[in-house]
Amino acid sequence: MIHQYDLVQLIKAYDPNVDESLINKAYQFALEAHGSQKRASGDLYFSHPIEVAALLTEMKLDSASIITALLHDTVEDTKITLEDIKTEFGEEIAQLVDGVTKLTKIKYQPEHIRQAENFRKLLLAMSEDIRVLLVKLADRLHNMRTLKYVKSPDKRRRIALETMEIYAPLAERIGIQQIKNELQDLAFAELYPEIRQSIVNRFDYLRQQGNVVVERVINRISKVLDNQGISAQVYGREKTPYSIWKKMEQKNVSFEQLSDIIGFRIIVKNLEDCYRALGVIHTHFHTVPNSFRDFISTPKTNGYQSLHTVVMGPERQAIEIQIRTEEMHEIAELGVAAHWSYKTGTTNKEGKQYRWVRELLHILENATDSQEFLENTKLEMYYDHVFCFTPRGDVIMLPVGSTPVDFAYAVHSDIGNSCVGSKVNSRVVPLNTELKNGDQVEIIRSKNQVPSPGWLDFAVTGKAKTEIKRYIKDQQKSEYVKLGIAIIKKILAEQNIEFNDTIIEPLLHIFSRKTLDDLYSAIGDGSISHSELSTGLFPNKKPLAKRKSAFSLLRFKDKTDKKESAISLKGLVPGMAIHFAKCCHPLPGDEIIGITNAGKGITIHTTDCEALEAFANNPEQLVDVSWEKQSNDEIHIGRIRVVLSHEAGSLATLAMSVYKGLGNIRNLKITHRSHDFFEMILDIEVRGAGHLNNIMAALRSETCIYSVERVRGSKN
């Protein structure tokens, strides 16, 4: 355990003017608070905060951060309160300790919810003071170094997985490469011990064979740079087992096939020498194509700057070289900690000054819950990134796999919401196009556009997903409200009662809803069933006898019924409160019936859909619905099954017949093929059942087409 005097000396090594008395006071305060508490390793518990404080001295952090590290477990694990901290050390230290205090006190919650809530709290704390994250990362690093003493394998795995998915990516986001690398490798050792040991053994074998040529490469690089008058420090290192395994996974190659397992850094005096050194390296070594990346002209969002290149070494193995200045090197190693050292007392402490923190806060504010927030952000933090440009030349960094939709939301939420198309490198491309490094992206907008639920199928960034989901949720509630009102009106109309607030307001108390919109929404999404609603409206009315079968409404419906009490689909947006069944694809003009599903609204089926048999014993889920007069501009999907001859031109004949009928084939799937015939399913864009019937009649007149029929659903 590091002693009090030794800790003070570590701080004085970079900050001679440190307030020794305050450090000593914090040391003694924490030592007495923890007393004889022990860790799982058997060491005194106080050894942990001491080690965390020592880790922060390696980053040359200010006294407030060091004191916070010493005190960070006192509030949770001892009788000390935040008020005690505030009294003894002031408001700033108390706030930091409060932010760093362990976040594991959320009880009686599943693990994934606890983890998500912890991450939410951590983000809120670090948004106010980024030092919270620096102390928390040091805390996690020491806990990972001593993870082997935790007896429960499940707990060790949980901690390692959380470290890999959250803390290591956070360390990378703020640019602290040393901590990121060690966190990843320690977690890797716990999660995949056999794989890691295999990589270590292969490294040992290469060393024995003399194939790890770090010193030879350092000497050669130093010599060629010195000959050109470039003063430089050259360092070489083997890459960590985790980074090697990650490359093996990404490239789908074995260890023997992997080339760049050794990395070198060239530290020069100034910016000009960075590019001069690059030219010298490329002159004296064969370069690996497409391996050069310039992070000096285009820095990462965490401030990282370097030139990256890969060249062939003396044993014909690929070696990665990073070239940077001394200042760039400090930022590369310490990240934001380089800006929060003891010297920068006037630096803005707020984490919100960093764009990526602001983006995470935006996602948090708009996420449905903590779990959704975590899922939307941890993958984004974990993946590699591509750098794209706006038409004005601004750089937008996005996770690999991002699309123009992600780009649009990264620029601004309003641009994402109004996105109708995109141009990449001056070419019009689909919105699901995967962006590459260096792409220039232009977003085409329309004031009439709104986010599409389909965008969720290819959006990658948390911000894009959250914004799209927020719009859908808001729009969906509005649709549920409209549907709920329609359902109430239908039930009242059956009793010849007009809709009015006097009748509705008592339902707020009955169903424990705060507002009328909440009530209507719950009725519309099916959370409040029709029978429950009827009982709430007419508590003294004797309930009608339950139908023997759901088909009593379908098969014995009065054909002269003008459907005054049927729920009209007019004004309801498909995919929100109402959904058209994909088994039978109902069209305007078809006889239809609705099926209520709690929390999901109403699904519309044709009355002859075979899938309705599943509801034969649940008539209370049925609701009568009707079409309204449709606009000729509205497009619907009709599904048909076609059997045509296996002869030249038959498919062209089919397509031409649909085209002449003013339809459009949305999708085509061959379901059966023989020597003489094809059977296929077609989805056709039409205006309604009458339009589809006309197209089907035209298809039947073609000699190469043997049969045409509507797909009427499935019992399965």
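Taken together, the values in this text are just the output of simple stated rules run on the coordinates, not laboratory data. Here the structure is a predicted model, which is why all the values come from computation and not from measurement. Cβ placement follows ideal geometry from the backbone for every residue including glycine, while neighbour counts extend to all protein chains displayed.
Panel order for 675, 636, by other beta carbons found within 10 Å of each beta carbon, from fewest to most: 675, 636.
The convex hull around the C-alpha trace of segment 626-683, projected and averaged over every direction, spans 4.9 square nanometres.
In loop segments of segment 457-540 as defined by DSSP, the GluC sites (Glu not before Pro) with at most 15 further C-beta atoms inside 10 Å of their C-beta are 498. In terms of Cα atoms, the Rg and Dmax of segment 207-339 work out to 14.9, 43 Å. A Förster distance of 41 Å, applied to the separation of the beta-carbon atoms of residue 568 and residue 385, puts the FRET efficiency at 0.25.
Checking the Cα-Cα distances for 60/246; 463/600; 482/600 against a 20 Å cut-off, the pairs over it are 60/246; 463/600.
Under a 5 Å amide H cut-off, with hydrogens placed 1.01 Å from N, residue 325 pairs with 268 among residues at least 5 apart or on other chains. For a straight C-alpha distance cut-off of 13 angstrom, the aspartates and glutamates reachable from residue 12 (same-chain residues fewer than eight places away being disregarded) are 20, 58, 62. For the pair residue 478 and residue 9 in one chain, pulling the backbone fully straight at 0.36 nm per residue adds 162.4 nm over the alpha carbon distance. The modelled label-to-label distance for the pair residue 700/residue 36, using points 7 Å beyond Cα in the direction of Cβ, is 9.4 nm. Among 473, 151, a tally of other beta-carbon atoms within 10 Å of each Cβ gives an order, fewest to most, of 151, 473. The amide H of residue 706, built 1.01 Å from its N in the peptide plane, has 643, 644, 645 as neighbours under 5 Å, considering only residues 5 or more places off or on other chains.
For 176, 93, 510, the sequence from fewest to most other C-beta atoms within 10 Å is 510, 93, 176. Here the calculated FRET efficiency for residue 146 and residue 20, from their Cβ-Cβ distance with R0 = 30 Å, stands at 0.55, rounded to the nearest 0.05. With θ taken as phi - 60° and the Karplus curve 6.51 cos²θ - 1.76 cosθ + 1.60 applied, the whole-hertz 3J(HN,Hα) list for segment 265-281 is 10, 10, 9, 10, 7, 8, 4, 4, 5, 4, 6, 5, 5, 4, x, 5, 4 Hz, x standing for glycine and proline. Using the Cβ-Cβ distance between residue 643 and residue 456 with R0 set to 41 Å, the FRET efficiency from 1/(1 + (r/R0)^6) comes to roughly 0.70. Phi angles of segment 195-207 translate, via the Karplus equation with coefficients 6.51, -1.76, 1.60 and θ = phi - 60°, into HN-Hα couplings of 5, 4, 5, 4, 5, 4, 5, 5, 4, 4, 5, 4, 5 Hz per residue; Gly and Pro are given as x. Annotation: amide H of residue 527 within the under-5 Å range of 599, sequence separation 5 or more or interchain, hydrogens built in the peptide plane. Only aspartates and glutamates eight or more places from residue 86 in sequence, or on another chain, were considered; those with a Cα closer than 16 Å are 73, 76, 98.
With K and R counted +1 and D and E -1, the other residues having a Cβ less than 13 Å from that of residue 232 yield a net charge of +2. When you filter the GluC sites (Glu not before Pro) in segment 239-306 for DSSP loop state and at most 12 other Cβ atoms inside 10 Å of their Cβ, you are left with 256. For segment 175-190, putting each phi into the Karplus relation 6.51 cos²θ - 1.76 cosθ + 1.60 with θ = phi - 60° gives couplings of x, 8, 5, 4, 5, 4, 4, 5, 4, 4, 6, 5, 5, 4, 5, 7 Hz, in residue order, rounded to whole numbers and with x for Gly and Pro. The shape of segment 4-195 can be summarised by an equivalent ellipsoid whose semi-axes, obtained from the alpha carbon gyration tensor, come to 26, 19, 17 Å from longest to shortest. Determine the shape class of segment 383-479: with a ≥ b ≥ c the square roots of the Cα gyration tensor eigenvalues, call it rounded for a/c under 1.5, and otherwise prolate if a/b is greater than b/c, oblate otherwise. Cα axes put segment 383-479 in the prolate bin.
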